[in-house]
Amino acid sequence: GSSQCFPDGFLLGTATASYQVEGGVNETGRTPSIWDDFCLSRENVQCATVADDMLHRYKSDIAMMEAMGLTSFRLSISWSRVMTWNSVLQRMVRNDAGIAFYHDLIDAVVAAKMAPIVTLYHWDLPSVLHTEKRGWLSRDIVPHFKEYANLMFDEFGHKVPYWTTFNEPWSFCVGGYGEGYHAPGLSHSDTASYEAAHHVLLAHAAVVRLFRSRRHQFFPSARIGIVLNSGMAFPLDPTSAADVAAAERKLQFILGWFLSPIVYGDYPAVMKQYAGEHLPVFTPEEKAHLAGTYDVFMLNYYSSELVTDCSSPRSGVACDKLMQGWHRDAAVDSDRFPHGARPASVNTRGESNCAWFNGYPDGYLPLMRWLHAHNTSAPILLTENGWCGNTTIDNADQLWYFQTHLDRVWQGLQEGLPLIGYTAWSFLDNYEWGSFEPRFGLFYVNYSAKTGGKEVFDPLPTELQRIPRPAATWFGQVAQTG
Ligand code: BGC
């Protein structure tokens with residue numbers, strides 16, 4: 001609650017991502033990313049050509065964060081804005097106008113006394129690297145990503161205290177290369193998401209090593225990590241050893257998939273056992289290269305799940321329909337959650353367009369502890385957390401969600417977890433990877449009727465206005481009272 005104090009230096013802020021908020025897809029010399037292509041190619045997928053127009057409105061947006069008393073802002077860089085394909089050289093080269101935008105943006109964040117937390121890759125791969133080079137499906141992406149990161153360190157290294165290589169590799173590898181509901185929309189293969197993830201991990205390790213070899217030149221105390229995500233998984237039947245094992249397996253298949261390689265240098269044993277030959281193999285050199293490639297753990301948490309073991313199904317659980325992936329476990333409907341913890345004033349349980357979402361604050365600390373157990377000396381930055389499904393401005397559910405989750409963060413500090421910051425998802429309503437709903441913003445945005453169309457348009461001055469929800473007001477009070 002707001003009476004509790006966060007320690008000095010604790011980073012409190014909000015998060016966004018380039019394609020979700022910037023708009024200006026054809027400005028500053030930006031060229032398409034896989035999301036521009038994906039949204040144009042699918043009838044049901046809207047584009048973010050204008051989005052929140054943050055490309056032009058960042059100064060007033062940052063002033064709003066400053067007025068709230070926030071001490072950090074998490075943003076991502078659009079690779080295809082800062083670099084352009086050179087077909088003679090067969091690689092990406094710098095684009096000065098795009099780079100200038102991020103200098104202005106980051107300078108404004110720093111001038112507002114907020115720590116920029118900068119993500120290199122929040123899902124908007126330059127199209128050309130996908131069409132010409134097979135993107136994350138090819139290992140050849142690694143040197144391209146390294147060159148991009150190197151340029152970003154050259155430009156912004158002296159301004160940025162926290163870097164993230166990738167945002168949620170699980171989400172874009174599974175969504176983009178396995179299920180096909182995210183760009184680039186591939187769903188033809190059982191193994192493509194594992195291959196993409198393998199190359200993402202190698203690219204991550206290469207960039208962390210590069211960063212460590214250079215940071216003394218520009219910002220010795222700067223830190224780097226990778227943002228990983230998972231819901232907390234609880235056994236449907238806590239007295240069943242099979243369900244307990246299934247819940248742990250689910251965590252290993254989502255969080256452990258990326259966490260084990262960066263901590264220990266290899267995939268979790270249970271993944272190798274269940275996924276078998278579908279999972280690529282690291283060489284001994286790659287294992288050594290991967291192990292320890294993080295200065296700080298970075299975690300996104302939204303929701304929790306009840307999990308049952310589908311090889312010994314409990315009665316009433318539709319395992320055939322729910323069986324998910326190689327781990328062969330089912331996440332069970334949220335109706336079965338034994339919480340009932342929400343106050344009477346909170347009467348919705350997430351709207352229909354958030355089927356995956358169970359707002360469950362009691363999952364947050366167990367997930368933090370699970371992560372922490374992998375390296376008790378690694379600081380933890382909580383990089384996303386938010387309520388899925390706001391459509392209204394006056395949203396009590398969202399307020400309840402942030403209050404209860406922030407309370408768990410505070411409890412985590414009391415029990416000694418090395419938490420160094422929390423950035424809420426999201427600063428404002430934005431492009432939710434396919435459409436402008438559900439909404440996650442602390443600030444409501446009044447979109448134009450044209451928002452979500454495939455055309456670029458100039459928003460009227462009255463459009464895209466930012467209106468604080470109750471949670472924004474409350475979050476500002478927390479920031480100001482410490
Ligand atoms: C992503 C965000 C997304 C949010 C809500 C996270 O998976 O990092 O880009 O908008 O969750 O779905």
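Odds and ends about this structure:
- Note on region 202-240: residues that are in a helix (DSSP H, G or I) and modelled with pLDDT under 95 total 0.
- Val118 within 16 Å of the ligand (Cβ to nearest atom), among the hydrophobic types (A, V, I, L, M, F, W, C) and either farther than 22 Å from Ile262 by Cβ or at pLDDT 95 or above (or both): yes
- Glu168 being among the charged types (D, E, K, R), at pLDDT below 95, under 19 Å from the mean Cα position of the chain (by Cα) and more than 20 Å from Ile106 (Cα to Cα): no
- Among residues of region 386-432 being hydroxyl-bearing (Ser, Thr, Tyr) and within 14 Å of the ligand (Cβ to nearest atom), the one that is surrounded by the most Cβ atoms within 10 Å (Cβ to Cβ) is Thr423.
- Unique residue being aromatic (Phe, Trp, Tyr) and away from the ligand (no atom under 16 Å from the Cβ) when the list is Phe436, Phe457: Phe457
- Listed here are the helices (runs of 4 or more DSSP H) enclosed by region 1-68 that have at least 3 residues being modelled with pLDDT of 95 or more, crowded, with 20+ Cβ neighbours inside 10 Å and not polar (S, T, N, Q): 34-41, 54-68.
- Answer from Leu125, Leu137, Leu151 - the residue that is within 16 Å of the ligand (Cβ to nearest atom) and of a type in the set (A, V, I, L, M): Leu125
- Options Val270, Val244, Val281: the member that is out of contact with any Pro (no Cβ under 6 Å at 6 or more places or on another chain), among the β-branched types (Val, Ile, Thr) and farther than 21 Å from Asn375 by Cβ: Val281
- Hey, Ala378 more than 16 Å from the ligand (Cβ to nearest atom), assigned to a loop (DSSP other than H, G, I, E, B), closer than 23 Å to Val118 by Cβ and of a type outside the set (D, E, K, R) or not: yes
- Region 165-176, subset of a type in the set (S, T, N, Q) and crowded, with 23+ Cβ neighbours inside 10 Å, residue farthest from the ligand (Cβ to nearest atom): Thr165
- Pairs linking a residue in region 265-281 that is in contact (Cβ under 8 Å) with a residue 60 or more places away in the chain to a residue that is aliphatic (A, V, I, L, M), with Cβ atoms under 9 Å and 6 or more positions apart or on different chains, are Leu279/Met271; Pro280/Ala197.
- Qualifying residue in region 84-93 (condition: part of a helix (DSSP H, G or I) and farther than 29 Å from Trp170 by Cα): no
- Among (1) buried (at least 22 other Cβ atoms within 10 Å of the Cβ); (2) within 20 Å of Thr164 (Cα to Cα), the one test that Thr71 misses: (1)
The values are calculated or read from the model by the stated rules, or taken from the named source; none is laboratory data. Model, not experiment: these values are computed from the prediction. For neighbour counting, all protein chains shown are included, and Cβ atoms are generated from backbone atoms with ideal geometry for every residue, glycine included.
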